[in-house]
Every structure is written in structure tokens, then in C-alpha cells.
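Enquirer: Please read through the structure below; I'll follow up with questions.
Here, each number is a calculation from the coordinates, and none is a lab measurement. The structure presented is a predicted model; accordingly, all values stated were derived computationally and were not measured. Backbone-built Cβ (ideal geometry, glycine too); neighbour counts: all protein chains shown.
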Amino acid sequence: MKSDRFVMRLGCTGYPEQLSEIPDPPKVLYGIGDPAALVSGLAVVGARRATPYGLRCARLLAGWAASRGVTIISGAAIGCDREAHLAALENNGSTVAVLGCGPDVDYPRRSAEILSSIRKGHAVVSECPFGQPPLRYAFVRRNRIIAGLSSAVLIVEAGLPSGTFSTADAALDAGRDVLAVPGSIFAPESRGSNRLIRQGATVVTDVSELAAAIGFHCPRSIPSDANRNSVMRALTADPMRPDDLARALGIDIVQTARTLGALEAAGVIARYSDGRYGVA
């Protein structure tokens with residue numbers, strides 16, 4: 001697998017076309033890995049101090065998209081970013097990390113292992129030259145690159161205030177769609193995501209809505225019945241057996257079983273050894 005250094009200059013062959021179209025594209029892009037990985041994909045970003053809910057959302061949605069051939073783009077930060085990269089790798093997908101330091105610098109240190117994996121066969125890029133240490137301003141600037149490399153930006157969890165908003169703003173400036181996962185009105189970590197939705201971001205509560213938002217055709221394996229959303233919400237909160245799930249939701253056990261079977265075939269839920277179903 002490729003893990004070579006490369007340099008791309010604006011206006012030259014190989015420079016990502018989608019990145020060149022943003023209002024302030026980087027004049028030079030430094031990278032390690034495979035430059036062919038820099039195709040338009042889905043940016044998945046969120047809170048560094050992520051809750052278990054945010055991490056599960058990042059893993060579910062990024063993993064599903066990656067398994068369908070969509071490149072996952074993020075910033076390798078601890079929390080939701082790293083979870084999105086990890087989900088892409090675990091689903092044999094493609095992923096790109098955009099850093100606020102040189103692409104050969106492991107920052108944050110806790111992401112060193114996953115950055116090493118991304119440099120082999122995927123790509124780690126930055127407008128900062130090789131060897132440059134992390135600089136605060138560079139992390140804000142790098143968010144426009146994350147947005148620019150993508151066709152849509154998905155915010156899986158964000159509080160208030162949040163640096164994630166700069167990525168959302170960059171996406172709007174670049175003409176990219178902004179998607180957001182809603183959260184509890186009682187959770188401080190979801191106030192930013194909920195505000196983005198109130199401001200017009202597209203709501204994403206399951207993989208079928210993500211598929212529709214990014215223009216990916218969802219095969220028949222994704223159920224379209226009215227029970228789907230309630231089943232996914234219930235299983236995200238607590239894995240359950242079919243009879244317990246039907247009782248909790250007040251729906252027919254036969255319909256519950258059909259919905260579970262379709263969601264399992266789609267790869268978004270899994271059946272555990274004890275008979276319970278949960279988010280994959």
C-alpha cells in the first residue's frame with residue numbers, strides 16, 4: 001500500500017478539483033499516502049469530548065457510508081473525528097485525514113496509531129508543510145479543507161460554543177450540504193447540532209436519511225415503513241430482543257421481526273449471541 005509523501009499545487013495536475021472550487025483553496029497541499037484517495041466524499045465531524053451517543057452515531061453513519069464506497073473525510077481529532085476514521089477502516093472503506101500541522105506529525109498524540117493506518121493506503125493531508133508543529137490558527141483554517149474535499153458535511157455531535165461550526169460555515173461558503181444528527185434537548189453536547197438543524201441543516205436520524213441526503217441509492221434492504229425510525233431509536237438507546245422491542249414500542253411482533261430482518265440485512269443492526277438486537 002502507498003505511504004509516499006506528495007505535494008499538490010493549486011492549478012497543477014492532480015490537485016483535487018472539488019477543493020480548487022472553494023473560495024480560498026490552499027495554494028499547496030502536502031500529503032502522505034495515496035493521492036488518489038482525494039476524491040469527493042462525506043465529511044464526518046463532531047465533538048472532541050464526545051458522548052457515547054455521539055461516538056455511536058459517528059461509527060454507525062461513517063461506517064455505513066464507507067461500506068458503500070463513500071470516502072470519509074475528517075480531522076483525526078479525538079472523539080467523533082477519530083471514530084469516523086476508525087469506522088471507515090473497519091468497513092474496508094477509504095478515509096482522508098486533514099490536519100492543522102504537517103501531515104507527518106502525529107497530533108493529537110492519541111491519534112498516532114490511526115494516523116499511521118490512514119497514511120498506508122489512504123491519505124493524510126495539510127496545507128502546513130512537513131514537520132510543522134500544530135498551530136491553533138491552522139486548525140480553524142484546515143476546516144475549510146475538510147469541507148472543500150467533501151460533497152456534504154455531517155455534524156454528528158456539537159455543543160455550544162463549538163469549533164465544529166467553522167466547518168459548517170466553510171461548507172456553506174463552498175456550496176456544500178450541511179447535515180446534522182439531532183440530540184436530546186437536555187444534552188449540552190447536542191445544543192450545537194440542534195441549532196444547526198433549526199438554522200436549516202438537513203436532519204439525519206438513520207442511514208436511509210443519510211443515503212437520501214448524499215444522493216446514494218438505498219437498496220430494498222432498508223425498510224421504508226413507519227416503524228423503522230422508532231426501532232432504530234430504541235435500539236440505539238438499548239439493545240433488545242424482538243418481543244421486548246415490540247412491547248416497548250407497542251407494535252406488532254410480526255412487523256417488528258420484518259423490520260429487524262431488513263435492518264440486519266442492510267448492515268445497520270446486528271443480532272447478538274443472547275438474541276438481542278443492537279446498532280451494528
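Enquirer: For helix 164-173, report the angle its Cα long axis makes with the longest principal axis of the Cα atoms of the chain; keep it between 0 and 90° and round to the nearest 10°.
Expert: Once rounded, the angle reads 70 degrees.
Enquirer: Another question about this same structure. So what's the angle, to the nearest 10 degrees on a 0 to 90 scale, between helix 52-67 and the longest Cα principal axis of the chain?
Expert: Between the helix axis and the principal axis of the chain, the angle is about 80 degrees.
Enquirer: Here is a further query. Convex hull over the Cα atoms of the range 127-166, averaged projected area in nm²?
Expert: Averaged projected area of the range 127-166's Cα convex hull equals 3.5 nm².
Enquirer: Shifting gears a bit: Taking amide H atoms as placed 1.01 Å from N in the peptide plane, list the residues 5 or more away in sequence, or in a different chain, whose amide H sits under 5 Å from that of VAL96.
Expert: Under 5 Å from the amide H of VAL96 lie the amide H atoms of ILE72, ILE73, SER74, each far enough along the sequence or on another chain.
Enquirer: Is the shape of the range 227-279 best called rounded, prolate or oblate, per the rule: a/c under 1.5 gives rounded, else a/b larger than b/c gives prolate, else oblate, with a ≥ b ≥ c the square roots of the Cα gyration tensor eigenvalues? Walk me through the numbers before you get to the answer.
Expert: On the way: a/c = 1.33, a/b = 1.20, b/c = 1.11.
Since a/c stays below 1.5, the shape of the range 227-279 is classed as rounded.
Enquirer: Considering the chain as a Gaussian network with a 10 Å cut-off on Cα pairs, which listed residue, TYR107, TYR30, TYR137, attains the greatest mean-square fluctuation?
Expert: Largest GNM mean-square fluctuation: TYR137.
Enquirer: Could you sort 59-68, 44-53 so that the peptide with the highest average Cβ count within 10 Å comes first and the rest follow in order?
Expert: Top of the packing list down: 59-68, 44-53.
Enquirer: Another question about this same structure. Take the chain, connect every pair of alpha-carbon atoms lying under 10 Å apart with a spring to form a Gaussian network, then pick out the residue of VAL181, VAL96, VAL231 with the largest mean-square fluctuation.
Expert: So, out of VAL181, VAL96, VAL231, the one fluctuating most is VAL231.
Enquirer: So, one more: Running a GNM on the chain with Cα contacts under 10 Å, which residue among GLY31, GLY267, GLY250 ends up with the highest mean-square fluctuation?
Expert: Most flexible of the set in this elastic network: GLY250.
Enquirer: Using only Cα atoms, what is the ratio of the radius of gyration of the chain to 2.2 N^0.38 Å?
Expert: Computed over Cα atoms of the chain, the ratio equals 1.02.
Enquirer: A further question on this structure: Antiparallel DSSP bridges in the chain: what percent, to the nearest 5?
Expert: 40
Enquirer: Let a ≥ b ≥ c be the square roots of the eigenvalues of the Cα gyration tensor of the range 144-280; is it rounded (a/c under 1.5), or, if not, prolate (a/b larger than b/c) or oblate?
Expert: Working: a/c = 2.70, a/b = 1.84, b/c = 1.46.
Prolate, because a/c is 1.5 or more and a/b exceeds b/c.
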